[in-house]
Amino acid sequence: MKITTLILRVLILLFIFSCKPQDLTSPLTIGPTNNPNALVITGHGFSSAVFYLNSPLNGGYYDTSFHQTIISAGADTDSIQIQVFISFSGASSFIYNDTIPKLYDATDSLLVISKASQKKTYYRPLYINNYMDITSYDNAGGHIKGSISGTYLNPLNNLDSLKIFNGRFSVLRLPDVP
């Protein structure tokens with residue numbers, strides 16, 4: 001998938017969210033092992049750092065033109081933004097390990113944005129010991145839930161890698177996008 005296509009899809013997702021009021025009055029505050037929207041990152045200066053994916057931009061939709069589900073979940077602190085983008089073929093629950101593209105033509109990437117410099121670093125999955133489980137795939141208005149873990153590399157610097165542990169997401173399923 002081209003980065004321009006991914007950016008276009010994210011902009012569509014942002015537009016859809018701006019059209020619907022969201023309930024942001026009940027942020028999740030429980031620990032990472034119980035929080036349905038959290039992940040632990042090691043690498044890129046992080047040492048088992050816990051991030052809670054409670055951004056108002058969390059959401060997922062099914063793209064009927066490309067027959068793909070697109071999920072976006074993010075964390076925003078005073079010093080950094082973390083955004084996880086996941087896309088996979090179809091609209092259903094599944095589990096996969098290791099060879100993600102061969103099984104489901106799935107891609108998932110992690111975007112790190114430093115607020116101080118606005119420098120963006122993109123990470124791509126290594127596809128070795130990576131795991132994703134989509135446990136729930138509701139109709140629009142419901143949720144897409146799952147878990148994710150694995151190693152991610154900076155394609156511009158192979159020495160720069162991240163490991164995601166205990167990553168979980170529960171995002172609002174938005175209406176299908178034609």
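The values are calculated or read from the model by the stated rules, or taken from the named source; none is laboratory data. Just so we're clear, the structure is a prediction, and the values are computed from it rather than from any experiment. Positions of Cβ are backbone-derived with ideal geometry, glycine not excepted, and every protein chain shown enters the neighbour counts.
With respect to F169, determine if the residue is surrounded by 17 or more Cβ atoms within 10 Å (Cβ to Cβ) and not in a loop (DSSP other than H, G, I, E, B).
yes
Per-residue answers, yes or no, for (1) at pLDDT 90 or above; (2) closer than 27 Å to S114 by Cβ; (3) not small (G, A, S):
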residue	(1), (2), (3)
P21	no, no, yes
N37	no, yes, yes
N54	no, yes, yes
A75	no, yes, no
Q83	no, yes, yes
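Just for the stretch 89-124: of the residues that are among the aromatic types (F, W, Y) and part of a strand (DSSP E or B), which one is modelled with the lowest pLDDT? The residue in question is Y96. Among the conditions (1) out of contact with any Leu (no Cβ under 9 Å at 6 or more places or on another chain); (2) surrounded by 15 or more Cβ atoms within 10 Å (Cβ to Cβ); (3) modelled with pLDDT of 90 or more, N139 misses just one, which is (2). Of the residues making up the stretch 146-178, those that are over 16 Å from G90 (Cβ atoms) and either of a type in the set (K, R) or touching a Gly at 6+ places or on another chain (Cβ under 7 Å) (or both) are S147, I148, S149, S161, L162, K163, I164, R168, F169, V171, L172, L174. Only residues that are in contact with an Asp or Glu (Cβ under 7 Å, 6 or more places away or on another chain) and in a strand (DSSP E or B) were counted across the stretch 46-83, and they come to 3.
Count, please, the residues in the stretch 142-158 that happen to be basic (K, R) and surrounded by fewer than 17 Cβ atoms within 10 Å (Cβ to Cβ).
Here the count works out to 0.
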